[in-house]
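Engineer: My questions all concern the structure below.
The values are calculated or read from the model by the stated rules, or taken from the named source; none is laboratory data. Quantities reported herein were computed from a predicted structural model and do not represent experimental measurements. We place every Cβ from the backbone using ideal geometry, glycine too, and count neighbours over all the protein chains shown. Calculation scope for accessible area: heavy atoms of the full protein, side chains included, ligands and nucleic acids excluded. Shrake-Rupley method; radii C 1.70, N 1.55, O 1.52, S 1.80 Å.
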Amino acid sequence: MRRPARSGASRGWCAGLIVLLLALTTARPVAAACGLAGVSVSGSAEEVAEACDVLAEVTGYFRALGFSLEPEVTVVFADRIEIELPAEPSGTGPSDAVRARISGCYDFRQDRVCVVSGHRDLPHDRQPWGLDWSPPVARSILTHELVHAAVSDILGPQTPDLGMVWHEFIAYAVQFHLMPPALRAEVLARHPEATAFAAPERVNPMSYALDPDAFAISAFLFAEEQGGGAFIRQLLTGSAPFSTDEFQLLWTE
């Protein structure tokens, strides 16, 4: 299913941005990977196996909630990923674009997930939740991005009806739910100050932009308080008792 175009971007979404995959694997893409006609994976045999394992976990989670989906996604493992952000105009001439390193990205326009591999002996300076980069952390990032892909598959043409920040909320909540218990416990232990969102209104672009790591933990804790998978189903079926539309910030001077 081809996804509708959408404006906006985050660490998880990369539509509208230039994604630079640096030092890609030389392995040829595996078409019809995981026994699924719509899935392609570029990576080593170990990375292909991991992508299939995580995809099975993610699709299994949503199917257990009653959703029917046929994954259509390309997964690309890379040594390094950068996004190119437009620079703020200087007013004195053209400004150079700004590059930022990220760990993973989902482009719904191309149904493509890009992730930094956890199986290559290369340094990666990002530390999600203060954790050193490792295969379990990298796998969790892959889970997050494949949740984005699954949600877009479930919603189809209605994908833009769910606000970007709620897409991130769902991706983080499911990512934490599917984390190995030991890894999840380590993250929570490192952030004892983290609490669930006090109200749905706290799930907004500002709270996400201020601290994505804290947002992720609060999303998981809030989702668990509200019923876990049953709450995720409410969000995806539009039956939550509050708005999940795109949030518009109002500025006054």
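Engineer: Within segment 131-143, can you find the residues that are part of a helix (DSSP H, G or I), open to solvent by less than 40 Å² (accessible area, probe 1.4 Å) and in contact with a helix residue (DSSP H, G or I) (Cβ under 8 Å, 6 or more places away or on another chain)?
Structural biologist: Passing the criteria: Val137, Ser140, Ile141, Leu142, Thr143.
Engineer: Next question. Can you pull out the residues in segment 84-101 that are open to solvent by less than 40 Å² (accessible area, probe 1.4 Å) and at pLDDT 80 or above?
Structural biologist: Within segment 84-101, Ala100 is the sole residue that qualifies.
Engineer: Ala223 fails exactly one of the following numbered conditions: (1) under 20 Å from Val137 (Cβ atoms); (2) assigned to a helix (DSSP H, G or I); (3) more than 16 Å from the chain's Cα centre (by Cα). What is the number of that condition?
Structural biologist: Ala223 satisfies every listed condition except (1).
Engineer: Taking Trp166 as the residue in question, decide whether it is touching an Asp or Glu at 6+ places or on another chain (Cβ under 6 Å) and assigned to a helix (DSSP H, G or I). Can you show your working first?
Structural biologist: Values: touching an Asp or Glu at 6+ places or on another chain (Cβ under 6 Å): no; assigned to a helix (DSSP H, G or I): yes.
It is false that Trp166 is touching an Asp or Glu at 6+ places or on another chain (Cβ under 6 Å) and assigned to a helix (DSSP H, G or I).
Engineer: Against the conditions (1) exposed (fewer than 12 other Cβ atoms within 10 Å of the Cβ); (2) part of a helix (DSSP H, G or I); (3) free of Cβ contacts under 8 Å to residues at least 40 places away in the same chain, where does Ser239 fall short? Just the number, please.
Structural biologist: If we test Ser239 against (1) exposed (fewer than 12 other Cβ atoms within 10 Å of the Cβ); (2) part of a helix (DSSP H, G or I); (3) free of Cβ contacts under 8 Å to residues at least 40 places away in the same chain, just (2) comes out false.
Engineer: Can you tell me which of Ala209, Ala182 is part of a helix (DSSP H, G or I), free of Cβ contacts under 8 Å to residues at least 12 places away in the same chain and within 24 Å of Val58 (Cβ to Cβ)?
Structural biologist: Sole residue among the options that is part of a helix (DSSP H, G or I), free of Cβ contacts under 8 Å to residues at least 12 places away in the same chain and within 24 Å of Val58 (Cβ to Cβ): Ala182.
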